[in-house]
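Only one structure is covered here, and it is reproduced in the block below.
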There are 2 protein chains.
Amino acid sequence: MAEQRKGTLGASCLSCPLRQRNEWSVLNEAETRLLARSRKSRDYRAGESVFTMGEPSHGLYCVVSGTVAIRKSDAEGNVIPIRLAYPGDTLGYRGLLLDAKRRYSAEALGPSRICFIDKPVVKTLLDRNPALGQQFLHRIANDLDAAHDHLMRNATLSNRSKFVHLLLALMNRHGCTATDGSRFMELPLSRRDLASMIGTRHETLSRIIGRLEEDGLARFSGRTVHLTQPHSLVQEIQRPSRLD
Amino acid sequence: MAEQRKGTLGASCLSCPLRQRNEWSVLNEAETRLLARSRKSRDYRAGESVFTMGEPSHGLYCVVSGTVAIRKSDAEGNVIPIRLAYPGDTLGYRGLLLDAKRRYSAEALGPSRICFIDKPVVKTLLDRNPALGQQFLHRIANDLDAAHDHLMRNATLSNRSKFVHLLLALMNRHGCTATDGSRFMELPLSRRDLASMIGTRHETLSRIIGRLEEDGLARFSGRTVHLTQPHSLVQEIQRPSRLD
DNA sequence: CGCCAGGTTGATTTCGCTCAAGCAATGTGG
DNA sequence: CCACATTGCTTGAGCGAAATCAACCTGGCG
């Protein structure tokens, strides 16, 4: 029965709508068939770990559905989410390409389906199709850009601005727009995680949220966020709060 | 005469000691000859710009001698050094690989010699030798790691710890050790630049430096730094200043 | 000489961290 | 089904760190 599920999902690799939008799109049919045969699909429950810092890299993960948090932790035990991954994203290429141990851990934030592709298969595909390597280069170069942008914002912005940035970025992925232009979403992360993403304490984030509500810009209830004035928030991060 | 200089330097590409230690080491002799013929060497004065944010990417730069600062700036006019590049480092691969405009600017911090390799030549070499692409992947993956480490430190450490980290990192590159184990260096960057690298104001950095001197850990005079107790500083960043 | 950029220092205020208490939702074992 | 612990979040009070504004110093440089 597991075999059968694997079979039907194997066929879906060829027709996988996500494949059109990520690095695997450069594979020809034969290569895609190899991919479909080798990859293993698995369902994860909310909170389940996909991989953990320190373990060896045995292959790549490809998110089919759900949201996955990539976290990094240091010697003092601090854990901070580096980024979130969504359907179509490929995880773990860094460890694979460098043939190194995992430097991050990945956790499914909700029920998710994730495909696993064994390292030898990836190597074979990389050898047979040089364009695949190019695709990974693109991916990683964009990640590097994103990391540097993040670095820059953390160095220059106030905590409030950093949080507004984060809110708007999350809204792009998780939000929907109401008829009056206001926006809604369910936060994918706890407030603790959100706080550590902007390099602050959860108490401070709580107060920032309080101030946003006082200003009439947003309403928070549990994990539900309602941005009543999304435009004002966009302005807020474009207009420098500190002029020099 | 410029031709002659180019000629002799062209020969030096084959024998370039730096080439042994960077991505170009995977080229065979014929490929290296092509590299040597095409690349253009140029001397930069202190403070001279190598490339600037926003301009198109026409090729790669390979640092032969000197130190180069890679900086990023935002809409508000803040400029922060992202990293420093040293002999053997290759600059500008991000823009080249993504075929995008420069997102950073590069400036020679002192008199430097830097080789330029035209985009078509790089493309040719990438096509002829797949291992070169792998090398760039390694390079960029390591840069990504470094950026994430930086991100993590900025999110969790105090300004003082961040500065000590920075000092020790710079000392690795620029420092020399005295017989008593203390270490010296000439700072490659202004205090303003150092301050923005750790995301703080230059006045604050001034006070941090003052405190380090009070603690007897270092002495600063102009751009000369003397770390009297390097070991204590290493301990300081290993021992968590804040235990939770 | 005056000017300027880079750096230091001081005074003041703002901000964020820490510690601590309290609260709601959830889960667990009896 | 209730007593109880646990987890995630909020709120308050006090304090320390850092931003801000401003003065001043220093060494180059026209």
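Values quoted throughout were computed directly from the atomic coordinates according to the rules given, and no laboratory measurement underlies them. Computed from a prediction, not measured in an experiment: that's the story for all the values here. A quick note on method: Cβ atoms are made from the backbone with ideal geometry, for glycine too, and the neighbour counts reach across all protein chains shown.
So what's the net charge close to B:HIS150: Lys and Arg +1, Asp and Glu -1, counting the other residues with Cβ under 11 Å from its Cβ?
Details: positive: B:ARG83, B:ARG153, B:LYS162; negative: B:ASP143, B:ASP145, B:ASP149.
Local charge sum for B:HIS150: 0.
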Which ³J(HN,Hα) values, rounded to whole Hz and listed in residue order, are derived for the stretch A:94-109 from phi using the Karplus coefficients 6.51, -1.76 and 1.60 in 6.51 cos²θ - 1.76 cosθ + 1.60 with θ = phi - 60°, glycine and proline given as x? 4, x, 5, 5, 8, 6, 10, 6, 4, 9, 9, 10, 10, 9, 5, 7
At what distance in nm do the modelled label points of B:SER232 and B:SER158 sit from each other, each positioned 7 Å from its Cα along Cα→Cβ? 1.4
For the stretch A:157-238, what are the per-bin percents of Cα-Cα distances with bins 5 Å wide, up to the bin holding the maximum? 3, 15, 29, 31, 17, 4, 1
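At 0.36 nm per residue, minus the direct Cα-Cα distance, what do A:GLU31 and A:SER182 gain on full extension? Give it in nm, one decimal, please. Before the final figure, lay out each step's value.
Numbers: separation 151, 0.36 × 151 = 54.36 nm, distance 4.51 nm.
Separation in residues times 0.36 nm, less the Cα-Cα distance, equals 49.8 nm.
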Let me have the 222 nm mean residue ellipticity of chain B computed from DSSP H runs of 4+ only, each contributing -39500 (n - 2.57), with the sum over all residues rounded to the nearest 500. -14500 deg cm²/dmol
Lysine pairs meeting the criterion (Cα under 24 Å, 8 or more apart or interchain), as found in the protein assembly as shown: 26
Expressed as an acute angle from 0 to 90° and rounded to the nearest 10, what is the orientation of the C-alpha long axis of helix A:2-15 relative to the principal long axis of chain A? 70
In nm, give the distance between the simple-model label positions of B:GLU55 and A:ALA169, each being 7 Å from the Cα along the Cα-to-Cβ direction. 3.0
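Set the Förster radius R0 to 41 Å, insert the Cβ-Cβ distance between A:ARG201 and A:ASP99 as r into 1/(1 + (r/R0)^6), and round the FRET efficiency to 0.05.
Numbers: r = 37 Å, r/R0 = 0.91.
The computed FRET efficiency comes out at 0.65.
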For a quick size check, give me the Cα extents of chain A along its three principal axes, largest first, whole Å. 57, 41, 30
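The stretch A:40-117: which trypsin sites (Lys or Arg not before Pro) are DSSP loop and have at most 13 other beta-carbon atoms within 10 angstrom?
Details: sites: A:LYS40, A:ARG42, A:ARG45, A:ARG71, A:LYS72, A:ARG83, A:ARG94, A:LYS101, A:ARG102, A:ARG103, A:ARG113; in loops: A:ARG45, A:ARG102, A:ARG103.
Of the trypsin sites (Lys or Arg not before Pro), the ones in loops of the stretch A:40-117 whose Cβ has at most 13 other Cβ atoms within 10 Å are A:ARG45.
Starting from the stretch A:131-205, pick out the trypsin sites (Lys or Arg not before Pro) whose DSSP state is loop and whose Cβ has at most 12 other Cβ atoms within 10 Å.
Listed in order of number, the matching sites are A:ARG201.
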Mind checking the log10 I(q)/I(0) for the protein assembly as shown at q = 0.05, 0.12, 0.13 Å⁻¹? Debye, one equal scatterer per Cα, no solvent, two decimals. -0.22, -1.26, -1.41
Taking every eigenvalue of the Cα gyration tensor of the stretch B:32-151, multiplying by 5 and rooting it, what semi-axes result, largest first, whole Å? 23, 18, 14
Can you give me the Cα centroid spacing of the stretch A:38-77 and the stretch A:209-236 in angstrom? 32
Label-zone membership for the stretch B:198-220, site A:ASP74, 7 angstrom Cα→C-beta point, backbone N under 17 Å: B:198-200
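Return B:LEU14, A:LEU34, A:LEU170 ranked ascending by Cβ neighbour count within 10 Å, so the fewest neighbours appear first. List each step's numbers first, then the result.
On the way: B:LEU14 13, A:LEU34 16, A:LEU170 19.
Final ranking by Cβ density, sparse to dense: B:LEU14, A:LEU34, A:LEU170.
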